[in-house]
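Note sheet for the following structure.
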Amino acid sequence: MEVVILETENDVATWAADRISDLLVQKPDATLGLATGNTPLALYRRLSDRFAKGLVSFKNVKTFNLDEYIGIEEGNHQSYRTYMRKEFFGKVDIPLENTHLPYCSATDNPREVGSAYEHDIETAGGIDLQLFGIGANGHIGFNEPTSSFGSRTRVKTLTKRTISENSRLFSPEEFQPHLAMTMGIATILDSRRVWLMATGQHKAEAVGQAIEGPISSMVPASALQLHESATVIVDRSAASKLKHIDYYNWAVQEKTKLARKFDTFP
Ligand code: GLP
């Protein structure tokens, strides 16, 4: 695992935008696994700015989002489909038919939606790079604590803590879903690279447990310790509970020298 500690939230977004731009030069038809929430917003802004300047294109990119609420329509302003259109898809040249979210309507069978999503990811050739944020309880996507490391795209019931943390995004009279369809942990681990992005002091405890704690389904993000190409990109605040910061910084410096030598997507 590589742990990249940067000064600010903006530096995290720039670091990620630089690498995604590099990846798209090497592989213009890459498949990206995307996330919602506050954390990736600055990254999406940077990528759409670069697109506007003609520096990057998403014309041949395919995307698969981690999760989507159950119980609200795709067009609802609270849906993750709407978030993605507003924050990213609508600002770049990606054809909407190349974008996927695990949407399960009231008449759909969730099991069928889950297996169809897995099938679509496989047909697309798998995910080259999966981004995810982290919930304060260590969740990734909507894989709440106790989620199996063998899980695949399915319905998850959100914890009361997650519902309460996300309630700031819903007005009091608005329906807030308690269920979501989410990629499973095994789905995420199948991606060729995984990136955990976290910013802010409120993420420090979860980041510490995910990186330096035991691998446990009680901290779903700790599953990234099992991945052969996992990178954690954090700002100083989110890194504040890590015990091995000196080593992480030194390792990044050494690896950067090597990457320059071989001119590879680091
Ligand atoms: C939600 C999403 C996660 C996200 C998490 C943290 O529960 N399902 O994918 O990582 O919130 O969100 P934020 O980035 O806003 O802190």
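Coordinate-derived values only; no laboratory data. Small disclaimer: the values here were computed from a predicted structure and weren't measured. No Cβ is skipped: glycine too gets one built from the backbone with ideal geometry, and neighbour counts run over all protein chains shown.
Looking at region 90-108, which of its residues are free of Cβ contacts under 8 Å to residues at least 12 places away in the same chain and of a type in the set (S, T, N, Q)?
If the condition is that a residue be free of Cβ contacts under 8 Å to residues at least 12 places away in the same chain and of a type in the set (S, T, N, Q), then THR107 is the only one that fits.
Can you tell me which residues in region 152-164 are more than 12 Å from the ligand (Cβ to nearest atom), touching a residue at least 24 places away in the same chain (Cβ under 8 Å) and polar (S, T, N, Q)?
Result: THR153, single match.
Can you spot a residue in region 119-127 that is buried (at least 18 other Cβ atoms within 10 Å of the Cβ), out of contact with any helix residue (DSSP H, G or I) (no Cβ under 6 Å at 6 or more places or on another chain) and among the acidic types (Asp, Glu)?
no
Of everything in region 144-177 that's in contact with a Ser or Thr (Cβ under 6 Å, 6 or more places away or on another chain) and under 20 Å from ASN109 (Cα atoms), which residue is surrounded by the most Cβ atoms within 10 Å (Cβ to Cβ)?
Among them, the one singled out is THR153.
Looking only at region 88-95, decide whether some residue is part of a loop (DSSP other than H, G, I, E, B), touching a helix residue (DSSP H, G or I) at 6+ places or on another chain (Cβ under 6 Å), among the acidic types (Asp, Glu) and surrounded by fewer than 19 Cβ atoms within 10 Å (Cβ to Cβ).
no
Any residue in region 21-41 that's assigned to a strand (DSSP E or B): show its pairings with residues that are away from the ligand (no atom under 16 Å from the Cβ) and not charged (D, E, K, R) at Cβ separation under 7 Å, as long as the two are six or more apart or on different chains.
THR31/ALA124; THR31/GLY125; THR31/GLY126; LEU32/VAL61
Name the residues in region 47-73 that are among the charged types (D, E, K, R) and away from the ligand (no atom under 16 Å from the Cβ), would you?
Residues satisfying the conditions are ASP49, ARG50, LYS53, LYS59, LYS62, GLU73.
What are the pairs with Cβ atoms under 8 angstrom where one residue, in region 165-185, is more than 22 Å from ALA221 (Cβ to Cβ) and the other, located anywhere, is of a type in the set (S, T, N, Q) and within 11 Å of the ligand (Cβ to nearest atom)? Sequence gap at least six, or different chains.
GLN176/ASN166
Tally the residues that are away from the ligand (no atom under 14 Å from the Cβ) and either closer than 17 Å to VAL219 by Cα or in a strand (DSSP E or B) (or both), restricting the search to region 128-151.
So the count comes out to 6.
Where the second residue is aromatic (Phe, Trp, Tyr) and buried (at least 19 other Cβ atoms within 10 Å of the Cβ) and the first is closer than 19 Å to ALA16 by Cα and lies in region 194-223, which pairs have Cβ atoms under 7 Å and are six or more apart or on separate chains?
Short answer, once both residue conditions are applied: LEU196/PHE132.
Condition first: touching a helix residue (DSSP H, G or I) at 6+ places or on another chain (Cβ under 6 Å), outside any strand (DSSP E or B) and within 11 Å of the ligand (Cβ to nearest atom). Now tell me which residues in region 165-206 satisfy that.
Residue satisfying the conditions is THR199 alone.
Can you find a residue in region 244-258 that is out of contact with any Gly (no Cβ under 7 Å at 6 or more places or on another chain) and not in a helix (DSSP H, G or I)?
Among the residues of region 244-258, at least one is out of contact with any Gly (no Cβ under 7 Å at 6 or more places or on another chain) and not in a helix (DSSP H, G or I), which makes the answer yes.
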